[in-house]
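Contents: one structure, followed by commentary.
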Amino acid sequence: MMINSADSYRILVVDDAPDTLELIRRNLSAQGYQVLVAPGVAEAIRILDEMPVDLVITDLKMPKVSGLDLVRHVRENLKDTEVMMITGYPTIESAVTAVKAGSHEYLTKPFTNEELTSAVEDALEVLRLRRNAQNGNEQPPSALPGLIGESRAMIDVYRMIGKAASSNATVLISGESGTGKELAARAIHYSSLRASAPFVPVNCGSIPENLLESELFGHVKGAFTGAFESRAGFFQTGDGGTVFLDEISNTSMTMQAKLLRVLQDGQIYMVGSARPREVDVRVLAATNKDLQTLVKREVFREDLYFRLNVINIFMPPLRERGDDTVILTSHFAARFAEEVGRSVPRFTGEALQALKSYHWPGNVRELENLIHRTLVMTDGDEIDLPDLPPTMRFSAGRESGLDRSLAEVETDYIRSVLASVEGNKTRAAAVLGIDRKTLREKLKHSGTAGN
């Protein structure tokens with residue numbers, strides 16, 4: 001997906017066939033691109049010497065000097081120009097040669113207008129990512145404390161957090177592991193009128209069930225063996241502020257009943273005491289599971305679910321956040337570079353494209369750990385594709401269990417092929433034996449398109 005408008009890009013088309021030149025010029029001009037044409041490499045180099053060009057589209061076979069020589073010239077002399085190759089004589093050898101020479105896209109004649117447009121957008125996307133990495137433009141001001149990103153999905157999150165912060169209602173924050181649910185909870189608290197009071201995070205999944213009640217509500221002296229003195233719990237500690245119950249789905253039905261009482265009456269009972277205590281606490285909860293499904297399975301109370309779900313905020317997975325991957329990469333690189341005492345490295349466009357194309361099962365937390373590890377293990381000023389883990393370049397070691405659906409297997413295989421050809425959709429389509437349009441439709445339906 002192109003972020004900049006088309007008219008901000010200048011494209012040079014090089015082909016010895018006048019009809020092809022005119023066809024491409026007309027199609028791209030109609031989309032708003034500034035299009036220049038050249039009948040051969042010599043004229044193309046003259047134009048490149050005179051003015052900046054964002055993308056060169058060149059035919060492979062031309063008289064005197066070939067398109068491969070032009071690709072090499074651009075790669076060795078123009079760091080801020082992307083290259084795309086077209087040919088009417090497709091072979092595996094020519095495709096490999098073109099890619100090794102530095103052509104990101106490889107388009108076979110005859111091609112449709114849609115295929116041309118898609119290939120141009122992909123090539124310009126790589127260029128845009130590389131420019132962002134070099135210029136340090138990936139990181140905009142954070143919309144809320146601790147949260148980073150400017151995708152449509154995150155803008156929706158910011159809007160919901162703003163509404164939640166202006167009220168005192170309970171909030172249920174859902175999303176996969178590593179998507180930043182606690183950061184969202186903190187943003188709600190520190191944007192609310194309770195900001196000066198405590199924010200108390202509680203991981204319900206890490207506290208043994210037999211200790212959770214005491215940790216939450218406190219206990220009186222002698223309540224159980226080892227209770228040598230009375231001790232306040234998290235709800236007393238957070239009085240006037242916010243208690244964040246992470247992994248709420250891990251609580252037992254008994255504990256859920258006690259939490260429901262707190263939400264209904266604003267009262268707690270310390271373990272070993274028959275006297276209720278009033279607490280002024282706002283409750284935020286988070287889960288990486290579908291609570292509605294747990295309700296149907298009768299392992300989560302429906303009444304508690306409705307009490308918690310007054311406001312629901314969904315934290316989107318990283319694979320659905322588009323360029324936020326680039327923004328977060330820049331942020332983490334700057335942070336960890338300072339920690340390890342080195343300069344902030346540049347990420348090549350190819351490396352950034354691989355990061356964007358990866359599925360990120362661990363989401364932002366996985367990206368954070370990856371960038372940290374990469375900065376520790378590399379020494380140069382530039383991070384390129386070979387510096388990334390093998391799983392982001394190919395996926396021969398992917399799990400191949402027999403308990404997956406045909407659609408899952410197909411999606412994984414498509415992702416594997418894309419990774420193996422460094423995200424090049426034209427090459428991936430050739431490997432898969434389908435056209436680019438079919439590939440794009442499959443990516444769209446699998447939720448991989450635009451990642």
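The numbers here are math on the coordinates, done by the rules we state, and not lab data. Small disclaimer: the values here were computed from a predicted structure and weren't measured. Here the Cβ is made from the backbone with ideal geometry for all residues, glycine too, and neighbour counts use every protein chain on show.
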*asked:* Could you sort the peptides 149-158, 175-184, 110-119 by per-residue average Cβ neighbour count (10 Å cutoff), highest mean leading?
replied: 175-184, 149-158, 110-119
*asked:* Cβ neighbours within 10 Å, averaged per peptide: list 349-359, 30-40, 202-212 in order, most packed at the top.
replied: 349-359, 30-40, 202-212
*Computed from the mean reciprocal separation of all distinct C-alpha pairs, what Kirkwood hydrodynamic radius does segment 152-314 have, in Å?*
16.2 Å
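Let me check I've understood the local charge: for P276, count other residues with C-beta under 11 angstrom from its C-beta, Lys and Arg +1, Asp and Glu -1. What total comes out?
For residues surrounding P276, the net value is +1.
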*Which residue, chosen from N363, A337, L294, occupies the Cα position most advanced towards the positive end of the dipole of the chain, where the dipole is computed from +1 (Lys, Arg) and -1 (Asp, Glu) charges on Cβ about the Cα centre?*
L294
*Give me the log10 of I(q) over I(0) for segment 162-223 at q = 0.15, 0.16, 0.22, 0.26 Å⁻¹, as the Debye formula computes it from C-alpha points; what are the numbers?*
-0.62, -0.69, -1.01, -1.13
*Ranked by how many other beta carbons lie within 10 Å on average, peptides 250-258, 66-74 from highest*: 66-74, 250-258
*In debye, nearest 20: dipole of the chain around its Cα centre with unit charges on the Cβ of K, R (+) and D, E (-)?*
1000 debye
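Quick one: pull the percentage of alpha-carbon pairs in segment 194-262 with a separation above 15 Å.
Values: 1305 of 2346 pairs.
When every Cα pair of segment 194-262 is considered, 56 percent fall beyond 15 Å.
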*Among M377, F228, M154, pick out the residue whose Cα is farthest towards the positive end of the charge dipole of the chain, where Lys and Arg carry +1 and Asp and Glu carry -1 on C-beta, about the Cα centre.*
F228
*Theoretical ellipticity at 222 nm over the chain - DSSP helices of four or more residues, -39500 (n - 2.57) apiece, nearest 500*: -14000 deg cm²/dmol
*First obtain the Kirkwood hydrodynamic radius of the chain from its Cα pairs, then insert it into the Stokes-Einstein equation at 10 °C and 1.306 mPa s, and state the resulting D in µm² per second as a whole number.*
63 µm²/s
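Distance check, please: which entries in K181/K437; K258/K296; K181/K425; K64/K437 exceed 32 angstrom between their Cα atoms?
K181/K437; K181/K425; K64/K437
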